[in-house]
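Where a number appears in this text, it was derived from the coordinates with a stated rule and is not lab data. What you see is a predicted model; the values in this text were computed from it and never measured. As a convention, Cβ positions derive from the backbone with ideal geometry for all residues, glycine included, and neighbour counts pool all protein chains shown.
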Amino acid sequence: MNIQAMMKQAQKLQKDMLKAKEEIDNTVFEGKSSIVTARVKGNKVVESIKINSESLDLDDIEMLEDMIMVAVNDAMKQIDEITEKKLGKFTQGMPGLF
């Protein structure tokens with residue numbers, strides 16, 4: 001394979017990676033805990049936090065904080081998993097690229 005063909009292949013690979021990353025960034029992931037739902041975009045920007053107030057005792061703020069943390073972490077985990085699934089084929093053992 002000549003250099004020009006290799007460069008063309010590398011450019012296609014880069015384009016495919018950027019397209020996959022853009023698709024992930026624009027996907028909204030929904031993390032849930034018992035009374036909290038967190039919506040987070042694939043670029044890890046929190047879009048919204050919803051609290052089911054029917055299940056909430058207003059005196060228990062510490063529990064609410066924990067539920068928000070669980071929901072946000074659940075959404076972040078989903079993002080990491082889908083990123084690895086979609087971009088792992090490009091990185092092949094090179095962790096930390098995305």
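Let me have the 222 nm mean residue ellipticity of the chain computed from DSSP H runs of 4+ only, each contributing -39500 (n - 2.57), with the sum over all residues rounded to the nearest 500. Don't skip to the answer; put the middle values down first.
Working: 2 runs with 54 residues, N = 98.
So the helix-based figure for the chain works out to -19500 deg cm²/dmol.
Using a Gaussian network model of the chain in which every pair of alpha carbons under 10 angstrom is joined by a spring, one finds that among Ile51, Ile24, Ile61 the greatest mean-square fluctuation is at Ile61. Per the Kirkwood formula applied to alpha carbons, the chain shows a radius of gyration over Rh ratio, Rg over Rh, of 1.22. Cross-link pairs exceeding 20 Å in C-alpha to C-alpha distance, out of Lys8/Lys44; Lys12/Lys44; Lys50/Lys85; Lys44/Lys85; Lys41/Lys85; Lys8/Lys89, comprise Lys8/Lys44; Lys12/Lys44; Lys50/Lys85.
For the peptides 79-90, 30-41, 3-14, the ranking by mean Cβ contacts within 10 Å, running from highest to lowest, is 30-41, 79-90, 3-14.
Net charge around Glu47, counting only other residues with Cβ within less than 12 Å of its Cβ (Lys, Arg = +1; Asp, Glu = -1)? Spell out each step's value before the answer.
Working: positive: Arg39, Lys41, Lys44, Lys50; negative: Glu30.
Spelling it out: positives minus negatives among the neighbours equals +3.
Using the Cβ-Cβ distance between Asn26 and Ile3 with R0 set to 41 Å, the FRET efficiency works out to roughly 0.75.
Relative to the longest principal axis of the Cα atoms of the chain, the long axis of helix 3-25 lies at roughly 10 degrees.
What does the net charge come to around Gln9 if you take all other residues with beta carbon closer than 15 Å to its beta carbon, with K and R at +1 and D and E at -1? Present the calculation step by step, with values, prior to reporting the outcome.
On the way: positive: Lys8, Lys12, Lys15, Lys89; negative: Asp16.
Neighbourhood net charge equals +3.
Angle of helix 61-91 to the longest C-alpha principal axis of the chain, folded into 0 to 90 degrees and rounded to 10: 10°.
Fully extending the segment from Met69 to Asn43 would add 7.6 nm, taking 0.36 nm per residue of separation and subtracting the current Cα-Cα distance. On the basis of the beta-carbon distance and an R0 of 41 Å, Asp57 and Thr91 show a calculated FRET efficiency of 0.35.
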